[in-house]
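Peer 1: Structure below; questions to follow.
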There are 2 protein chains.
Amino acid sequence: MSPIADSEEYGTERAGASTTVVVVGAGPSGLMLANNLTRFGVSVVILDDRPDKTSTGKADGMQPKTIETFKQLRLADPLLKNGAKVFDISFWESTADQPMHRTGRKTHYPDHLVGASDPYILLAHQGMVEEVMIDDMESRGVFVTRNARFTSCSLLDGTNRLEIQYEDTSANTSRTTKADYLVGCDGARSKVRSFIPDADLEGEITNAAWGVMDGVIDTDFPDLWSKVALRSHSAGSILLIPRERGMTRLYVELSSTGGERVDKAKATPEYVTQRAREAMDPFKLEWKSVEWFGTYVVGQRVAKRFMDPSAKIFIAGDAGHCHSALAAQGANTSMHDSFNLAWKLNLVARGLAKPSLLNTYEEERQKIAHDLINFDVEHCKAFSEGETALAKNFDDNIRFIAGVGAEYTPGMLTHVSPTTSPLQAGMLQLPAQVTRYIDANPVDIQLDIPLLGQFKIYIFVPTLRKSLGDLGALCEELENSLQRFTTQADRSFEKHSRSHGPSDDFQQHQRYTAVSNAFTLSMVTKSAQSEFEILELPEILQKSRWTLYLDNIQARSCTERWFGDMKEGDIGITVVRPDGYIGMIHTLNASKVEVMGGLLDKYFSFMV
Amino acid sequence: MSPIADSEEYGTERAGASTTVVVVGAGPSGLMLANNLTRFGVSVVILDDRPDKTSTGKADGMQPKTIETFKQLRLADPLLKNGAKVFDISFWESTADQPMHRTGRKTHYPDHLVGASDPYILLAHQGMVEEVMIDDMESRGVFVTRNARFTSCSLLDGTNRLEIQYEDTSANTSRTTKADYLVGCDGARSKVRSFIPDADLEGEITNAAWGVMDGVIDTDFPDLWSKVALRSHSAGSILLIPRERGMTRLYVELSSTGGERVDKAKATPEYVTQRAREAMDPFKLEWKSVEWFGTYVVGQRVAKRFMDPSAKIFIAGDAGHCHSALAAQGANTSMHDSFNLAWKLNLVARGLAKPSLLNTYEEERQKIAHDLINFDVEHCKAFSEGETALAKNFDDNIRFIAGVGAEYTPGMLTHVSPTTSPLQAGMLQLPAQVTRYIDANPVDIQLDIPLLGQFKIYIFVPTLRKSLGDLGALCEELENSLQRFTTQADRSFEKHSRSHGPSDDFQQHQRYTAVSNAFTLSMVTKSAQSEFEILELPEILQKSRWTLYLDNIQARSCTERWFGDMKEGDIGITVVRPDGYIGMIHTLNASKVEVMGGLLDKYFSFMV
């Protein structure tokens, strides 16, 4: 039996020394996992060996896709309000013949290449990012267990459950908790990783070393508030990133020109500052204040396994992959590891999906980790070669850097179809603006439906009146195919409901689960509001009245962005996974709507 | 001597039984005043006779201009996240021959008529609006004094100060505080008003009575999530407004068809519901829950005076004007009374402006109150006449309803010039998007510069390279003219600084006061970023590097929106008051920049 389905005492007796998921590490990756699980109604214990959240330094750049994810979670506001936004990048260079000068300045995420709704890097230090996730969890009654150092885990005799040992470092005592799953979000030196067989890191440690400093700079350098890639003739490279509260982050290359690694003892703040000063010459560089200092050596490695063969122990984030910090990918990729894992754990823990669903976590996220390392190798190389190489590297990889280009190959959850739509299985939903039918509110289609761990099924019906009959038949197919799934999901959520925080009163989640707890149904049409009434629609669309959209805002419509040209009478349908990835997408000729039941049955065959 | 300039002990000894401003009433109007004064660094005591903030009911609609104001205050986020947004209005009617049917549906604030950046009504109950202002004040160390009922005030013998008596209703004791100014934001039955000679309310009390209910409705009425004006043949009118948390507000007309007023004792929730049911027939109307119930009789009255002749005692908000609730104007107008008064009190209290500046408060806000009453009379009449009349009334008054059309006539603070620009003295800044030069961030020009009680001076230089010489001459005029004002302001703020909350660390206010504490200087150009460097600009523009904007986002540029067609080499200049109103606006021929010194001297002649 599955863990949650099995448990009558869920959330009461088990919340103490027993839980469904133990998450080790309350950094971005661990908190993203725990926050999502908490929302979905899965009992979770978060262990962290630190006494408090990150106060300074570490990861600080949120990429466009991460901003989208936080908007979907309704957690972005304080970060958007207080973070610094980087829209452009400028390139500087000095050579034997020329003093330091700007060689170019360009938009960081050009719309025609990236198409993100938030086309910038948001700089907000890691503690702020952690805080919004912690605050939200606490409003749902879940708290991080601090001063708790994970030590070991083992399978409980005669059961399918884990016993997890950790040390309470404030009381200096050992503690134990039982859980169904253990996820190590405990960083590059992950202890959890050592309990997964054959999960060593594979890859290279380079000679490239960097000093990193955060603080307020006094300088006459004119581009202090753009992202700056600066390459000096004889004193290495600098990456300069504007931050919140008037600060700047400096990445300073420490490798000597000969290529050997700089002695760690030598890499003091003074040395790093001096080195930066030489590189930036003739511009002045003084620190008005320094908030954080660190050094690192670039390693580019991926763990051989992200989970154990029995699908009980997982790693996510830095525990699974490490690379340079230059392209601000770390926390972004790490949080999306968790974002991928959370909804799958929820479905399996509830007994709604087969445990084999969890294998897709490793398949999908290892693929992204390797993509990341491959990109990072090229990026570091381009960085040291100067503007032309770096600009080309940016252009070639800009969708991936933004996070919107992290794509999955065909698999259990990504069914490739012969449809020639711009949107394809394995891609993320493309952003588009539409109008809600019911209240005429303009909304972003990729943000509007709250994340409840449910699938989203969008039906595109360009000309509604003409397609009403086909739409009825399609909805019938859909209902029949998903009935069992729906019944089981509704039963599960009735027994173990999603958590409820004060902010949920305003979100009105029941509007999105009126048809099923397993999916939200949505219709998008190019017909005008005046052309039809909700009462004319098939009943499951009447129940979905909050997700009926009019495609009447953008010159290039949502329909066109997602499906390309559709022929008269065609109906488009796409299944979007709980993490926003396209699971399947089809353009159906009107006479073909009856194939949909079979396609859906096949897609959802991972469900129990 | 002026109150703050005079005081060495400002903010310490005086914060107890002595302060600069006593505000009576912690509703929207009182809190807007106290919040602004607190930010500006003016000591304030807020007395409120209630034990806590508004929990339910009362005012709930924020108009586009109010949303803009809250965005300018950086307080809008929680309201935008949790409020309901009304973008459209639908009209329903039944006649002797026709059952209840929809006669039309339209956009509430069409862009071509209103041009607001947030073209909707934001429904968030009064307590939420109060809370964001209270939270912000508390983060700056200022708290509302609760259970405090104002009783009287008098001039302290031999001084220019007031002694204010109030009752601590929790301890049943009388208390006294001294203050330089007293502002009554204490509602329609204002007690403070009685201490202003000749300040009675003038106008009509009508026979129109309305019942108001908030709650969750169960109905098959299809337009529940639009604003609905419904007029039944024989059971009166209803106004239906969607709200946050799935609620609806119903305004139900209680006047009998004969026109005589409905007995107050009869107006129970059951009666009002029954009356609404009759009007909405054949649609079902059941309450799943009721959060608030109230009734009111429409009065349309304005106080004869908004201040006493010595400019020590003021009233704002409902204390000065009352009218129907149908067009959701009350709290919006009230908060903008305070918004108008706050910066003037700050300048006079600091000794930076002559006390006569305060007279403009009454001139300007009484004009708006009368505009409001005149509109309200027409609006109520149109409401009872049905869709055609109501739709015309909307079209004629839509900018006023939105708040963006509240305009001041020529006066001490609004100098009309012969310039034929679309933007004129007495109007609000028009919204437009521009790009910050320094960091390439796209911003809304009307929101970007934080509200610090300072003026904003925008110089529009369409072709920068051509105008560099003239720009230098203009900046010199400007510096000379404003030097005395700047010196005095800088001295005042050095002595009594603005308050500082944690959020200010992220706002970096010093970026906007680099030239002067009295004004922020800004330049807007249509030239490209690549055409010039900050170092080439006159020094005061170099110091203003955070407010240099590129007018390169919208097809209809900010330059065109504000100044219309400008001739080659022309320079535009506008002085925007601390409350966002245009004080003066000129388009200068290149050879005429030297007139600017005189124009600025004349404009700022209200300063000491």
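Peer 1: Please state the shape class of chain A: rounded when a/c is under 1.5, otherwise prolate if a/b exceeds b/c and oblate if not, all from the C-alpha gyration tensor. Intermediate values should be presented prior to the final figure.
Peer 2: On the way: a/c = 2.08, a/b = 1.34, b/c = 1.56.
Cα axes put chain A in the oblate bin.
Peer 1: Give me the angle, in degrees from 0 to 90, between the Cα long axis of helix B:269-280 and the longest principal axis of the Cα atoms of chain B, rounded to the nearest 10.
Peer 2: 90 degrees
Peer 1: Report, in deg cm²/dmol and to the nearest 500, the calculated mean residue ellipticity at 222 nm for the protein assembly as shown, where each DSSP H run with n ≥ 4 adds -39500 (n - 2.57) and the sum is divided by the residue count. Walk me through the intermediate numbers first.
Peer 2: Values: 32 runs with 367 residues, N = 1216.
Mean residue ellipticity, 222 nm, calculated: -9500 deg cm²/dmol.
Peer 1: How high is the FRET efficiency between B:GLN98 and B:GLU286 when r is their beta carbon distance and R₀ equals 30 Å, given to the nearest 0.05? Mind dumping the intermediate values first?
Peer 2: On the way: r = 25 Å, r/R0 = 0.83.
For R0 = 30 Å, the calculated efficiency reads 0.75.
Peer 1: Would you mind pulling out the separation of the Cα centroids of the range A:194-268 and the range A:297-364, in Å?
Peer 2: Here the answer is 27 Å between Cα centres.
Peer 1: Report the label-to-label distance for B:THR420 and A:LEU468 in nanometres (one decimal), using points 7 Å from each Cα along the Cα→Cβ vector.
Peer 2: Computed distance between label sites B:THR420 and A:LEU468 equals 5.4 nm.
Peer 1: Taking 1 over the mean of 1/r across every pair of different Cα atoms in the range B:363-448, what Kirkwood radius in Å do you get? Walk me through the numbers on the way to the answer.
Peer 2: On the way: mean 1/r = 0.0641 Å⁻¹.
Evaluated over the range B:363-448, this radius sits at 15.6 Å.
Peer 1: Which of rounded, prolate or oblate describes the protein assembly as shown when judged by the alpha-carbon gyration tensor and an a/c cut-off of 1.5? Numbers along the way, then the final one.
Peer 2: Details: a/c = 1.63, a/b = 1.18, b/c = 1.38.
Cα axes put the protein assembly as shown in the oblate bin.
Peer 1: Which entries in A:LYS227/A:LYS392; A:LYS456/A:LYS592; B:LYS367/B:LYS495; B:LYS58/B:LYS266; A:LYS58/B:LYS495 show an alpha-carbon gap greater than 27 Å? List each step's numbers first, then the result.
Peer 2: Details: A:LYS227/A:LYS392 17 Å; A:LYS456/A:LYS592 21 Å; B:LYS367/B:LYS495 36 Å; B:LYS58/B:LYS266 21 Å; A:LYS58/B:LYS495 39 Å.
Table pairs above 27 Å Cα-Cα are B:LYS367/B:LYS495; A:LYS58/B:LYS495.
Peer 1: Looking at the range A:77-111, which residues lose a minimum of 50 Å² of accessible area between their chain alone and all protein chains in place, measuring with a 1.4 Å probe and not counting ligands or nucleic acids?
Peer 2: A:ASP77, A:LYS81, A:ASN82, A:PHE87, A:ARG105
Peer 1: Using a loss threshold of 20 Å², tell me which positions in the range B:216-235 are less accessible in the complex than in their chain alone. Probe radius 1.4 Å, ligands and nucleic acids ignored.
Peer 2: Flagged in the range B:216-235: B:PRO222, B:TRP225.
Peer 1: Convert each backbone phi in the range A:440-445 into a coupling constant with the Karplus relation 6.51 cos²θ - 1.76 cosθ + 1.60 (shift: θ = phi - 60°), then list the ³J(HN,Hα) values in order as whole Hz, x for Gly and Pro.
Peer 2: Once rounded to whole Hz, the list reads 6, 7, x, 9, 8, 4.
Peer 1: For the range B:433-606, what proportion of DSSP beta bridges, expressed in % and rounded to the nearest 5, is antiparallel? Spell out each step's value before the answer.
Peer 2: Values: 16 of 25 bridges.
Percentage antiparallel, nearest 5: 65.
Peer 1: Note down the relative contact order for chain B as a percent, whole number, built from C-alpha pairs under 8 angstrom at least six residues apart. Kindly include the intermediate steps, with their values, before the conclusion.
Peer 2: Details: 1311 pairs, mean separation 94.5, N = 608.
Computed over chain B, the figure is 16 percent.
Peer 1: Right, next: Taking a threshold of 20 Å on the Cα-Cα distance, which of the pairs A:LYS65/A:LYS85; A:LYS81/A:LYS284; A:LYS526/A:LYS567 fall above it?
Peer 2: Check vs 20 Å cut-off fails for A:LYS81/A:LYS284.
Peer 1: Given a 1.4 Å probe and no ligands, DNA or RNA in the count, how much accessible surface is buried by A and B, both sides, to the nearest 100 Å²?
Peer 2: Numbers: alone 23490 and 23480 Å², together 44170 Å².
Roughly 2800 Å² of accessible surface disappears when A and B pair.
Peer 1: Still on this structure, please answer the following. Can you figure out the FRET efficiency of B:ALA514 with A:ARG277, using R₀ = 25 Å and their beta-carbon distance, to the nearest 0.05? Kindly include the intermediate steps, with their values, before the conclusion.
Peer 2: Values: r = 25 Å, r/R0 = 1.02.
That gives a FRET efficiency of 0.45.
Peer 1: Sort A:TRP287, B:TRP343 by heavy-atom solvent-accessible area, probe 1.4 angstrom, most to least. Display every interim value, and only then the final one.
Peer 2: Working: A:TRP287 50, B:TRP343 5 Å².
Sorted descending by solvent-accessible area, the residues read A:TRP287, B:TRP343.
Peer 1: Which three lengths, in whole Å and largest first, does the range A:383-504 cover when its Cα atoms are put on their principal axes?
Peer 2: 58, 42, 36
Peer 1: For A:TRP92, list long-range residues whose amide hydrogen, built 1.01 Å from N in the peptide plane, is under 5 Å from its own amide hydrogen.
Peer 2: So A:TRP92 has HN proximity to A:THR103, A:ALA229, A:LEU230, A:ARG231.
Peer 1: Around A:GLY25, what is the net charge, scoring Lys/Arg as +1 and Asp/Glu as -1 over all other residues with Cβ under 10 Å from its Cβ?
Peer 2: Details: positive: A:ARG50, A:LYS191; negative: A:ASP48, A:ASP49, A:ASP186, A:ASP318.
Combined, the nearby Lys, Arg, Asp and Glu give -2.
Peer 1: Classify the range A:433-606 as rounded, prolate or oblate, taking a ≥ b ≥ c as the square roots of the eigenvalues of its Cα gyration tensor: rounded when a/c is under 1.5, otherwise prolate if a/b is larger than b/c and oblate if not.
Peer 2: Details: a/c = 1.67, a/b = 1.22, b/c = 1.37.
Oblate is the answer for the range A:433-606, as a/c is 1.5 or above yet b/c matches or exceeds a/b.
Peer 1: Work through the residues other than A:PRO410 whose Cβ is under 13 Å from its Cβ and net out their charges, Lys, Arg +1 and Asp, Glu -1.
Peer 2: Working: positive: A:LYS367; negative: A:GLU363, A:GLU364, A:GLU407.
Within the 13 Å Cβ shell, the charges total -2.
Peer 1: If r is the Cβ-Cβ distance from A:LYS567 to A:ASP601 and R0 is 25 Å, what FRET efficiency results, to the nearest 0.05? Working shown, then result.
Peer 2: On the way: r = 26 Å, r/R0 = 1.04.
E(calc), rounded to 0.05, equals 0.45.
Peer 1: Moving to a separate point now. How much length is gained if the chain between A:ASP444 and A:SER55 is pulled fully straight, taking 0.36 nm per residue apart and subtracting their Cα-Cα distance, in nm to one decimal? Each step should come with its number before you reach the end.
Peer 2: Details: separation 389, 0.36 × 389 = 140.04 nm, distance 3.34 nm.
The A:ASP444-A:SER55 span can extend by a further 136.7 nm.
Peer 1: How tilted is helix A:359-385 with respect to the longest principal axis of chain A? Cα atoms for both, answer in degrees (0 to 90, nearest 10).
Peer 2: Taking Cα atoms only, the helix is inclined about 30 degrees.
Peer 1: How large, in percent, is the carbon and sulfur part of the accessible surface of the protein assembly as shown at a probe radius of 1.4 Å? Could the numbers behind the result be given before it?
Peer 2: Values: 21340 of 44170 Å².
Accessible surface attributable to carbon and sulfur in the protein assembly as shown totals 48 percent.
Peer 1: Enumerate the residues in the range A:368-384 having an amide nitrogen under 17 Å from the point lying 7 Å beyond the Cα of A:ASP200 toward its Cβ.
Peer 2: Label zone hits: none.
Peer 1: Which angle from 0 to 90°, rounded to the nearest 10, does the C-alpha axis of helix A:387-402 make with the longest principal axis of chain A?
Peer 2: In chain A, helix A:387-402 runs at an angle near 30 degrees to the longest axis.
Peer 1: Using the Karplus curve 6.51 cos²θ - 1.76 cosθ + 1.60 with θ = phi - 60°, work out ³J(HN,Hα) for each residue of the range A:143-159 in order, rounded to whole Hz, and write x for Gly and Pro.
Peer 2: 10, 6, 7, 8, 6, 10, 9, 4, 10, 6, 8, 8, 6, 5, 3, x, 10
Peer 1: Below 13 angstrom from the Cβ of B:ILE571, what's the summed charge of the other residues (Lys, Arg +1; Asp, Glu -1)?
Peer 2: Numbers: positive: B:LYS466, B:LYS526, B:LYS567, B:LYS592; negative: B:ASP470, B:GLU477, B:GLU568, B:ASP570, B:GLU594.
That works out to -1.
Peer 1: Where the centroid of each part is defined by its Cα atoms, how far is the range B:383-441 from the range B:54-94 in Å?
Peer 2: Result: 19 Å between the Cα centres.
Peer 1: Of all beta bridges DSSP finds with both residues in chain A, what is the antiparallel percent, to the nearest 5? Walk me through the intermediate numbers first.
Peer 2: Details: 77 of 105 bridges.
If I count the DSSP bridges inside chain A, around 75 percent turn out antiparallel.
Peer 1: Let me ask you something else. Heavy-atom accessible area per residue, chain A, 1.4 Å probe: how many Å²?
Peer 2: Details: 22090 Å² over 608 residues.
The answer is 36 Å² per residue.
Peer 1: Within the range A:46-90, what residues put their amide N at less than 15 Å from the label point 7 Å along the Cα-to-Cβ vector of A:ARG175?
Peer 2: In the range A:46-90, the label zone of A:ARG175 (backbone N under 15 Å from the point 7 Å along Cα→Cβ) covers A:46-52.
Peer 1: May I ask what percent, to the nearest 5, of DSSP beta bridges between residues of the protein assembly as shown are antiparallel? All intermediate terms of the calculation are to be shown ahead of the outcome.
Peer 2: Values: 154 of 211 bridges.
Rounded to the nearest five, the antiparallel share is 75 percent.
The values are calculated or read from the model by the stated rules, or taken from the named source; none is laboratory data. For clarity, every value in this text was computed on a predicted model and none was experimentally measured. FYI the Cβ positions are ideal-geometry reconstructions off the backbone, even for glycines, and counts take in every protein chain you see. Please note that ligands, DNA and RNA were not included when accessible areas were found on the heavy atoms of the full protein model with its side chains. Shrake-Rupley method; radii C 1.70, N 1.55, O 1.52, S 1.80 Å.
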